[in-house]
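K.L.:
Mind having a look at this structure? Questions to follow.
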Amino acid sequence: MYMVWIGALLVALKWFEIGPIADLSWYWVLSPLALAFVWFEVFEKLFLARLHSAGTAEDGTRRSRRFGR
């Protein structure tokens, strides 16, 4: 989430041409937003998939203990 806030700040500084950010290319200004997109679309889904698979394994052992299966 920090990359989104940094990206929004850089876009605002570039748009209003404030400070040294005004001289940067738009590619550099938008790069934190691109990194945030990659993080949320790729890595976050990988981590959540791993957590969900671990949770289902625990649920299976709990059910087998409760119902004796």
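The values are calculated or read from the model by the stated rules, or taken from the named source; none is laboratory data. Worth saying up front: this structure is predicted, and the values here are computed from it rather than measured. Keep in mind that these areas ignore ligands, DNA and RNA; they rest on the heavy atoms of the full protein, side chains included. Shrake-Rupley method; radii C 1.70, N 1.55, O 1.52, S 1.80 Å.
K.L.:
In square angstrom, rounded to the nearest 10, how much accessible surface does Glu17 have for a 1.4 Å probe?
P.N.:
140
K.L.:
In terms of solvent-accessible area of protein heavy atoms at a 1.4 angstrom probe, what is the ranking of Leu13, Leu46, highest value first? Don't jump to the answer; show the numbers that get you there.
P.N.:
On the way: Leu13 45, Leu46 100 Å².
Sorted descending by solvent-accessible area, the residues read Leu46, Leu13.
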